[in-house]
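What follows is a single structure, written as structure tokens, with notes after it.
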Amino acid sequence: MGDGSLSQDEIDALLQGADDMLSSPGPSLGGGSSSSSSGLSPVEKDTLSDLFGGVMGAVAPSMSAYLQKQLRISNAIVEVKNHDALVGDFPKQYVQVSLGYTGGVNGKNLIILNMNDAGVISSLMMGDETGKPPAELSEAHQSTLQEFVNGLLSAGATQIADRTGKKGISATSPSLSIANGGSDLELPMGDCVKITYNLNIEGLINSKIYHIIDIAMASDLSRGNRSSGGGGSMGGGGGGFQNMPMGGGGMGGVGIAPVKFPPLGEGVPQGVSQNINLLLDVQLTLTVELGRTKQYVKDILGLGEGSIIELDKLAGEPVDLLVNNKLIAKGEVVVIDENFGVRVTDIVSPSERLSKIGTNG
């Protein structure tokens, strides 16, 4: 109309347009629970990014003790991709470790590392402080690498349970293999979620590590994380607002209490502290050492059946018990049925044991 007001027909058209906007799919005001055509809404992707970024950030310091180097896993980037697109993302040779979650959360995890990073981690796990990757990943290197990922994801399960409220998450046995390109990866069919992290190991690695989960588990975790508030900025576990007593007069009525941190355990190495609880179910190799000696190459080549090698320990002297090549106890050899055993006669305190495992000692 010429006087600047709207006619009834124009008002009806505007109302119809508003109805169309409200009826179209999109994130809801309650937190974006509706999924997009890619399988996850933008809000759900952000929720997963916060969750896994927090989980890996919390677990990494504990795993540093096993590498003897500072480990950082950060900046989780979440993408939804179909099977063919993921295959194309990995054109080289990689190490893949598969491990499932059951109980509070059900689904498969696939961790993917490039060959150099896998070699560095396995060398550090085997006690090589230089972290020089081996020319070829031996069975021993693969075993230690599998142990590393198992510790990472098992501790991650505990963190996920705490942050989402999905208690009782158990990790299945890990499975490691070498993939010659994306077609060899054990990827779920259909859509799945690819999480890319920055991987940094002090002075050795500045790279990426990849985490693949199926879309059903990702959706379940995104809902659980929003409802519990464990990993979000507004939730109780994320240090947000729900525990703030609100007064009646604006910001002046907000009660603010000082942050209280739990005391560190006496003698616990820096970087391990309270996070050691995340690793209590991780297996370590305990070695019993009868003795040592050094020989020339010519003497070693001359060994044969019946050769006798003299060790540096006297008869009846206690044997050494080692974890990660660090002495934690001494004992005497006994026979249990048809097997050898060791009766511990001298052992360091728990804090000293943890220090020897977590430092260069």
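The values are calculated or read from the model by the stated rules, or taken from the named source; none is laboratory data. Being a predicted model, the structure only gives us computed values, none of them experimental. Cβ: placed from backbone, ideal geometry, glycine included. Neighbour counts: every protein chain shown. Each accessible area value is taken on the protein alone, full model and side chains, heavy atoms only, with ligands, DNA and RNA left out. Shrake-Rupley method; radii C 1.70, N 1.55, O 1.52, S 1.80 Å.
Could you please tell me which pairs satisfy a Cβ distance under 7 Å, a separation of 6+ or placement on different chains, a first residue in region 111-136 that is of a type in the set (S, T, N, Q), and a second residue that is surrounded by fewer than 12 Cβ atoms within 10 Å (Cβ to Cβ)?
If the second residue must be surrounded by fewer than 12 Cβ atoms within 10 Å (Cβ to Cβ), the pairs left are Asn114/Lys92.
Of the residues Ala179, Ala155, which is modelled with pLDDT of 90 or more, open to solvent by less than 30 Å² (accessible area, probe 1.4 Å) and in a helix (DSSP H, G or I)?
Details: Ala179 fails: in a helix (DSSP H, G or I).
Being modelled with pLDDT of 90 or more, open to solvent by less than 30 Å² (accessible area, probe 1.4 Å) and in a helix (DSSP H, G or I) holds for just one of Ala179, Ala155, which is Ala155.
Filter region 37-52 for residues that are touching a residue at least 24 places away in the same chain (Cβ under 8 Å) and open to solvent by less than 40 Å² (accessible area, probe 1.4 Å) and give the result.
Ser38, Gly39, Leu40, Glu44, Thr47, Leu48, Ser49, Leu51, Phe52
For region 158-176, name all the residues that are open to solvent by 30 Å² or more (accessible area, probe 1.4 Å) and either of a type in the set (Ser, Thr, Tyr) or touching a His at 6+ places or on another chain (Cβ under 7 Å) (or both).
Across region 158-176, the qualifying residues are Thr158, Ser170, Thr172, Ser173, Ser175.
Regarding region 112-123, can at least one residue be identified that is outside any loop (DSSP other than H, G, I, E, B) and closer than 24 Å to Asp50 by Cβ? It would help to see each step written out before you state the result.
Here is the first cut: in region 112-123, the residues outside any loop (DSSP other than H, G, I, E, B) are 112-123.
Now drop any that are not closer than 24 Å to Asp50 by Cβ, which leaves 112-113.
Yes: region 112-123 contains one or more residues that are outside any loop (DSSP other than H, G, I, E, B) and closer than 24 Å to Asp50 by Cβ.
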